[in-house]
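For reference, the structure is listed below as structure tokens.
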Amino acid sequence: MIKNHKFDIAINDIIDKMEIIGGKILIKDILPEEIYFKNLRSLKKLNIIFADQILTLDGKNLLTLKEILGKRFKKFFSPNRTLIEKSWKVIEDCLLDKNEVIKRRISLEARNKIGNSFAHNLKGTILNKMNSEPLNNGFIFGKKKFNNNIILVYGKNYNLGNHDIVLEHYLTVNNPDDLFMGLTKCSGCVLDETKNLGHLERLYKKSNCLVKLRIEDVYFLENYLISHAMIIQETDSYIIPEIIQSHVESIIWHEHKFILEPTLFKQDDIRLNVFDYNMQQLVNNCIEKYVKKEKFNKNLSIERLKVINSKLIHQHGEQIFVYIDGSVINNGTENIDGIAGLHFYDKDHILFEEFYVNIEHWISPSKAEVTSFILALLIIYNINNVKIITDNEFIFNYFNEITRKTKIYNTRKLLKTQNNIYIWALIRQFIDLNEIIVPKITKIKAHDDNIYHNLLDQQIKN
Ligand SMILES: [Zn+2]
């Protein structure tokens, strides 16, 4: 009758190669592009960006919409619930393994992209301890030492003491992967401690199985003030809809692991801050503002720029190097084509993102170069510790003049050498209106032996 849970939490031998707390695989990376963009509004409403936000902590199963709505990072109580539900259905169809829909296993394809990594926190899942709301009469469950194992015991609050709680024992009658939990009153089992409990104020009717737990080991099963459990009168049983036992237990075992080995735990709050920050910026996002309104290049995808920006945010303030370059091929022919390219490197000089865009109208090498520069500034607008590397002397000098605000702005020189006054005016506005965090800019010699710049140069010339 008692399940002995010996959960092994899959810990990679190589502890989390990804380094980034919370993982860096985007939902965009595991969904077909078309489906991602079609459902972007809903994903935004749910405030989810990363794959691990929609997965169980072991990364193997897809959460239910209810589980996602219960998370800490959710910001909206959207009136348009049907839109979100519709989107979620589409995403489920897309990600779930067709043969294991009931277990909510994600497809092999998605699993391969995500890989194995140990969760370092509960990814925004809220665990409510029993003692936080002693008057709530919802179902509770707790850890109990039994025969040298730790097991989970479900039930209701029977008697709350200062350090202990007496729980009226209920047995689970569902499968661990069911989309509901069924709980039925225990009619007596080896866990019963009634005899040893001494005198208790019997607040409820007589019970056949009472279990004592330490108060700090007891949690609410549902994160609601009013339980959603439905009673089945005849059998003294309850059904709690939309709750998956295996997911709940996985969360508790992770938490347990963190208590035993605190070094495994890393705060989730950096990411939560990022979300807060993103929400604040939603109305005043530099990328949206300039790409949408100014339309200096119609080939740009705002979403793509924002994805790169979110990857930069997840470098957590570590040094970032951005190599920029522009190039024109078939100059002087009708097949003239210009391209701006950007390569993003982390502090160890590992390339983690690249971006290329075609130049529109009046293609010139200088326009390609300055386009790569303005894009770099927009993408890094809210990022600290960025170094932009260019071999373009004009960009280097002119930008330095603008940032030093020498008031000279050398307009005559600009008019003489550049046809891109409009783009430069925008750049000047970034600085004058304090719309971007000003990066450092470094100039390297053209055709020098800088391997990183040469790589970018090759990419945009083929
Ligand atoms: Zn029992």
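What follows is calculated from the coordinates using simple rules that are stated; it is not laboratory data. A quick note: this is a predicted structure, and the numbers were derived from the prediction, not measured. All Cβ positions, glycine included, derive from the backbone under ideal geometry; neighbour counts span all protein chains shown.
Tabulated values for the structure
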| quantity | calculated |
| --- | --- |
| Flagged links, alpha-carbon separation over 22 Å, of 113/289; 144/257; 71/289; 103/129; 71/347 | 113/289; 71/289; 103/129; 71/347 |
| Local electrostatic count at residue 327 - Lys and Arg +1, Asp and Glu -1, tallied over other residues with Cβ under 13 Å | -3 |
| Relative contact order computed over region 27-116 (Cα-Cα under 8 Å; 6+ residues apart), in percent | 34 |
| 5 angstrom amide H check on residue 359, placed H, neighbours 5+ away | 338, 339, 340 |
| Packing-based exposure ordering (other Cβ within 10 Å, fewest first) of 389, 350 | 350, 389 |
| Cα-based shape type of region 283-461, given that a ≥ b ≥ c are square roots of the gyration tensor eigenvalues and the cut on a/c is 1.5 | rounded |
| Region 130-262 shape via C-alpha gyration tensor axes, a/c threshold 1.5 | rounded |
| Cβ crowding within 10 Å averaged over residues, with 443-455, 421-433 ranked highest first | 421-433, 443-455 |
| Sequence-distant residues sharing a close amide H with residue 26 (under 5 Å, placed H) | 51 |
| Where only C-alpha atoms are counted, convex hull volume of region 323-388 per residue in Å³ | 78 |
